[in-house]
Amino acid sequence: MFETVKSKVDFPRMEEGILAWWKEKNIFGRSVEARRGGPRFVLYEGPPTANGNPGIHHVLSRVFKDIIPRYKVMKGYYAPRKAGWDTHGLPVELEVEKQLGFSGKAQIEEYGVARFNAKCRDSVFRYLREWDSLTERIAFWIDQQHPYITMDNSYIESVWWTIKQMWDKGLVYQGYRVTPHCPRCGTSLSSHEVALGYKDDVEDPSVYIKFKLTDESRQKLGLEKPSYFLAWTTTPWTLPGNTALAVAPEAEYVAVEMEEEYLVMASARREAAGPGGEPVRGQFSGSALAGLEYQPLFNPHEYGIDRLRSQAGDKEAAGIFQAQESPTTPLAYRVISADFVSMEDGTGIVHIAPAFGEVDFEAGLRHNLDFVQPVDLQGRVTGNYPFAGKFVKQADPLILEDLKSRNLLFRSETIRHTYPFCWRCDAPLLYYAKQTWYVRTTAMKDRLISGNGEINWYPEHIKHGRFGDWLQNNVDWAFSRERYWGTPLPLWRCQSCGGYECVSGVQELKAKPGVSGLEEPLDLHRPFVDQVTFHCSKCGGEMRRAPEVIDCWFDSGAMPVAQWHYPFENETLLENGRFPADFICEAVDQTRGWFYSLHAISTLLFDRPCYKNVICLGHILDAKGEKMSKARGNVVEPWAVINKYGADALRWYFYTATTPGNVRRFSEEAIAEISRRFFMTLWNVYSFFVTYANIDRFAPDSKTPVQSELDRWILSELNQLIADVDAALAGYDPTEAGRKIERFVDGLSNWYVRRSRRRFWKSENDADKLSAYNTLYHCLVTLSKLMAPLAPFTAEALYRNLVLSAYPNAPESVHLADFPVADMGRVDHDLEDETRLVMTVSSLGRAARSQAAIKVRQPLARLLVKAGSDRARRGLERLAGQVMEEVNVKGLEVVEALPEKDWPVAADAGLEVMVDTEVTPELAAEGMAREIVHRLQTMRRSAGFDIADHIITCYQGDDFVGQVMTGFADYVRQETLSESLEAGEPEDGAFVERHKLAGHEIVLGVKKV
RNA sequence: GCGCCAAUAGCUCAGCUGGUUAGAGCGCCGCUCUGAUAAAGCGGAGGUCGGUAGUUCGAGUCUACCUUGGCGCACCA
């Protein structure tokens, strides 16, 4: 006996029951351990940060991470799955800063780094419970008991080891160059972080500035009035740092005569820049201008700013600037020629400030330009300018005012363009020349690209598109951060000789000569690690740690080794199959995040990729197609959906609604539909089966021979389904797998079960009935296994009841079972085609009946079908019985041409179907019998009888009714489980109804025996 | 500016290597059926397959360009 199953089901409650049972029986752990010894299947979990509530997009990625390993386990793979937590970095620090009401680094220093970092440590697991419970509730099976945690000493130690490997290969260097710098956070950002923060339509100044030529240069050009180079900029605050102007050597420049002066600019830019109509007084090539001199707008000596000098040479070497220049009077700067000067915008004369801007900086190196840095790392103007102390963007208007008062401002407007902002704190980024630590990823660029070739991307276009492009444009990874809460850079610098040493682990550090400051319990974070000093191995001087921490993306990218504390433990990591990963899955934004950091680190360390297959998910939008954000108030709360429809419905929606890589519009209605259309349909089939199987005390027996065409058909479909789902999941395509299952369940319910109902109802336990039971049973059990990776709860509910009730020794959970294997010998494509034909003809037959307004319950003599082909004809003749039952006709005639009759016809797909509408007295009587049966069955239900209750039926009516009741007595008794049919007054206590059927009065009474 | 993805019915999506009147589900309107079904059946309204040009005997499907939306890249002074 199976456990009774009601057709109505509360999915969330059912799931909670399963959840508790899984937990109690440790099914996850056992599902992993049961496959020990099998081939490994490795999932790398991209670690989330638990300092915020998990959202619906986290559910999306987690269910996609879940499905593949579940499938692999059922295929025999050993797939332990380790959870992970990302705990370091700017996002965490900013959360804490917000909490403490801080607005910058000074306040953190004042507050104390130890206290600050302690707060960070607390903050990263603030929502741990929410994460754990949501993870569990959506059945993302991953070992949450033993997660890797990026802030653990062991994790940090592995990261140190990673850096040391790179250091030894010469892949880590300190470069003085322009990096995107966040003035609020006071740190550099990597190019992938910058990519996260571009904003369009940012309004900035667009100004044309006049740089006065020296008298000598003016005379060289033969200009008699005061003359100016006209240059354009959108960042007036960089003007005090100007130390050169650049021109395109091949371009033509002109001097335009204004009222009291000449303006020099590119001929091609004259109109756009403004002075279009004024007379031209000279033409020069760009190269003729090169070497000319002009007066700086702001002489650094007058404003208390150091005047340094860029020095050509190895740009990665530290200390590329000579000592301070002494004042020269008057100070003059040079025009240089450069290939980057475009004629697309501006004036063809580019303002160069080597302290800001990458191109400027490089130009400085090449031309030994002065280096003037009038802005500090907080983005404030230094020196004693009138606008000193202001944040650069606030200084802009003051600078322009100052220039205007000195008649050096030609035009001042605003422009809308794209500008990068800090992805975390929204401050405008400044390109700022300073020292930063780099990982020389460009040294391995070719391997990064060829390694990518070995990775399977889903969707495929990411491989050569977004990710491939990113690798093609690879630049060295600026991976140091001038911050507090992060993995400390394991570099110590000698205070005497300036040499660096990279430390690869705790033991090594402890063994350093003269080491001091190592406190127990060990905490490798700042400020504790900063106190550790030792003696320089070269000169014996004091080694102190470089103050920076590292980019948290480096932390997570190092997880393949760090999660196992490699190489300090798990020395065999590279040999025992735990590296590389078979599968990772995150959203598309990780192309420049985790997908990249994993790939870069793995390639630099091991010269190979560390993942083989990636599902790259698209983003979730709301039902209107808008981005979800707290500000818009359109964020979907996962719990609300789960508590209403269950986790399986949500999972199923994510798998099947659209392909993984697409953006998706999330709507609750879609989940409601899935619940109704798919899960309820399936559940009803299941409930139907259990109900009748229990009545008949059915015990599954796979040896019963299959009896009917219908059984052969659904088994054919089932085996094809197994093959299809298996192939889809093997190809990382849950969408196709789910959709195929949906189609099957629809056919199972609306054709197989509908067509088979009578086989289950009939009284005798014959071979046909057994065959039906066994077939449906087999379908449901197989379905539960096929569905297990997608809808683990529903699958489990079906499996537990259907399988364990009959086979107590079977694996206790569907997730411990093997994935079904298709028996392709059972697949019969001809039969499938024929059945489709039957469905179509039946449909047309019903349509024809509908035209004649004759209800299906009224039997008719025959259906006439004109088949389109011989094949169709043969199929129809073979399966005529199914059509006859479905359309309720006594015969089916396949004809060459339809007769010239006034009977309704329906046609489609090369088929023409006509129904003989003549109702003979015999047919009318049978129709009446069926009508009476129908009423009696409705009455049984109204009276509250059980499906299996036997009854006594009484009836009163005219002669016709009497004839029908006696003529079809067996039929009526069988259909209504009536032990007797008695003419006359209803018995006492009977449930009685009066009906008028086809003009005949009839009184019916039913009573339980 | 360059690149990627998407654009098919009111909504969500199928339409493989180009082949007869373009499909499904949901929604809407009407009818029917119902002892597994909060189902099912039948009919109806609803599509110039984003646009233009081309390749072809034939294009939703291939090519080019364009439009819109999303995303990414970018030295933008």
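No value in this document is a laboratory result; all are computed from the given coordinates. A quick note: this is a predicted structure, and the numbers were derived from the prediction, not measured. Ideal geometry is used to build each Cβ from the backbone, glycine not excepted, and the neighbour counts take in all protein chains shown.
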So for the range A:62-167, averaging the separation of alpha carbon pairs under 8 Å that are six or more residues apart and normalising by length, what relative contact order in percent results?
45
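How large is Rg over Rh for the range A:185-297, taking Rg from the Cα atoms and Rh as the Kirkwood inverse mean of 1/r across Cα pairs? Write down the numbers at each step before the final one.
Details: Rg = 17.1 Å, Rh = 15.9 Å.
Taking Rh as the inverse mean 1/r over Cα pairs, Rg/Rh reads 1.08.
Would you mind checking the pairs A:Lys119/A:Lys538; A:Lys98/A:Lys169; A:Lys8/A:Lys1007 and listing those with alpha carbons more than 32 angstrom apart?
A:Lys119/A:Lys538; A:Lys98/A:Lys169
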Taking the Cα centre as origin and putting +1 on Lys and Arg beta-carbons and -1 on Asp and Glu beta-carbons, what dipole magnitude results for chain A, to the nearest 20 debye?
1180
Can you give the translational diffusion coefficient of the range A:656-790 in µm²/s, computed by Stokes-Einstein from the Kirkwood radius over Cα pairs at 10 °C and 1.306 mPa s?
99
Using the Cα centre of the range A:444-587 as origin and beta-carbon charges of +1 (Lys, Arg) and -1 (Asp, Glu), tell me which of A:Gly514, A:Phe579, A:His525 is placed farthest towards the positive end of the dipole.
A:Gly514
Cα to Cα, under 18 Å, and not fewer than 8 places away if on the same chain: which aspartates and glutamates meet these conditions relative to A:Lys220?
A:Glu252, A:Glu257, A:Glu261, A:Glu293
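Kirkwood hydrodynamic radius for the range A:841-960: how many Å is it when counted over pairs of different Cα atoms?
Numbers: mean 1/r = 0.0623 Å⁻¹.
For the range A:841-960, inverting the mean 1/r across all distinct Cα pairs yields 16.1 Å.
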Relative to the longest principal axis of the C-alpha atoms of chain A, give the angle of the C-alpha long axis of helix A:734-747, reported between 0 and 90° and rounded to the nearest 10°.
20
Which lysines have a Cα less than 22 Å from the Cα of A:Lys6, not counting those fewer than 8 places away in the same chain?
A:Lys644, A:Lys762, A:Lys785
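Rg(Cα) of the range A:559-598 divided by 2.2 N^0.38 Å? All intermediate terms of the calculation are to be shown ahead of the outcome.
Working: Rg = 12.0 Å, N = 40, 2.2 N^0.38 = 8.9 Å.
That ratio works out to 1.34.
Which whole-number value in Å³ per residue fits the convex hull of the alpha carbons of the range A:231-309? Intermediate results must be reported in sequence, preceding the final value.
Numbers: hull volume 9.5 nm³, N = 79.
Spread over its residues, the Cα hull of the range A:231-309 gives 121 Å³ apiece.
Per residue of chain A, what 222 nm ellipticity follows from adding -39500 (n - 2.57) for every DSSP H run with n ≥ 4, rounded to the nearest 500? Walk me through the numbers on the way to the answer.
Working: 35 runs with 374 residues, N = 1009.
So the helix-based figure for chain A works out to -11000 deg cm²/dmol.
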Loop only by DSSP, 16 or fewer other Cβ within 10 Å of the Cβ. Give me the GluC sites (Glu not before Pro) in the range A:1-110 that pass, ordered by residue number.
A:Glu3
Give me the aspartates and glutamates in straight-line cross-link reach of A:Lys512: C-alpha distance below 20 Å, same-chain residues under 8 apart excluded.
A:Glu157, A:Asp168, A:Glu501, A:Glu520, A:Asp523, A:Asp530, A:Glu542
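Within the range A:826-905, report the GluC sites (Glu not before Pro) that DSSP leaves as loop and that have at most 14 other Cβ atoms within 10 Å. All intermediate terms of the calculation are to be shown ahead of the outcome.
Values: sites: A:Glu832, A:Glu834, A:Glu877, A:Glu885, A:Glu886, A:Glu893, A:Glu896, A:Glu900; in loops: A:Glu896, A:Glu900.
Loop-located and lightly packed - A:Glu896, A:Glu900.
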Loop GluC sites (Glu not before Pro), the range A:193-296, which have at most 12 other Cβ atoms in a 10 Å radius of their Cβ (DSSP)
A:Glu224, A:Glu250, A:Glu259, A:Glu260
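Using the per-residue mean of other Cβ atoms lying within 10 Å as a proxy for protection, in what order, highest first, do the peptides A:501-514, A:56-69 fall? Show your work: numbers first, answer last.
Numbers: A:501-514: 16.1, A:56-69: 22.8.
Final packing ranking: A:56-69, A:501-514.
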Rounded, prolate or oblate (a/c below 1.5 giving rounded, otherwise prolate when a/b exceeds b/c) for the range A:365-426 by Cα gyration tensor
rounded
Antiparallel bridge percentage (DSSP; both residues within chain A; nearest 5):
70
Dividing the surface of the Cα convex hull of the range A:541-628 by four yields a projected area in nm² of 8.9
What is the packing order of peptides A:159-172, A:566-579, taking the mean over residues of other C-beta atoms within 10 Å and listing the highest first?
A:159-172, A:566-579
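So, by mean Cβ neighbours within 10 angstrom, what's the order for A:584-593, A:453-462 with the highest one leading? Before the final figure, lay out each step's value.
Working: A:584-593: 21.6, A:453-462: 16.1.
Answer by packing, highest mean first, reads A:584-593, A:453-462.
Which value, in Å to one decimal place, does the Kirkwood hydrodynamic radius take for the range A:896-982 when every pair of different Cα atoms is included? Can you show the working numbers first?
Working: mean 1/r = 0.0646 Å⁻¹.
The Cα-based Kirkwood calculation yields 15.5 Å.
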Give me the Kirkwood hydrodynamic radius of chain A in Å, from all C-alpha pairs, to one decimal place?
35.0
With the range A:32-189 reduced to its Cα atoms and the Debye formula applied, log10 I(q)/I(0) at q = 0.12, 0.13, 0.19 1/Å amounts to -0.73, -0.83, -1.23
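With only Lys, Arg, Asp and Glu charged, each at its Cβ (+1 for the first two, -1 for the last two), find how big the charge dipole of the range A:557-715 is about the Cα centre; round to the nearest 20 debye. Let's see the in-between values first.
Working: 17 positive and 18 negative charges, 95 e Å.
The calculated dipole for the range A:557-715 is roughly 460 debye.
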Angle, helix A:681-695 long axis vs. longest principal axis of chain A, Cα atoms, 0 to 90°, nearest 10?
40
Compute the angle between helix A:90-100 and the longest alpha-carbon principal axis of chain A, please, reported from 0 to 90 degrees and rounded to the nearest 10.
80
Could you state the number of Å between the C-alpha centres of the range A:914-943 and the range A:947-1009?
13
Distance cut-off 27 Å, Cα to Cα: go down the list A:Lys225/A:Lys390; A:Lys23/A:Lys72; A:Lys72/A:Lys463; A:Lys740/A:Lys855 and report the pairs above it.
A:Lys225/A:Lys390; A:Lys740/A:Lys855
Distance between the range A:689-717 and the range A:439-492 - C-alpha centres, whole angstrom:
56
Kirkwood-based Rg over Rh for the range A:69-132 (C-alpha set), two decimals?
1.28
Relative frequency of Cα-Cα separations exceeding 14 Å in the range A:1-88, percent
75
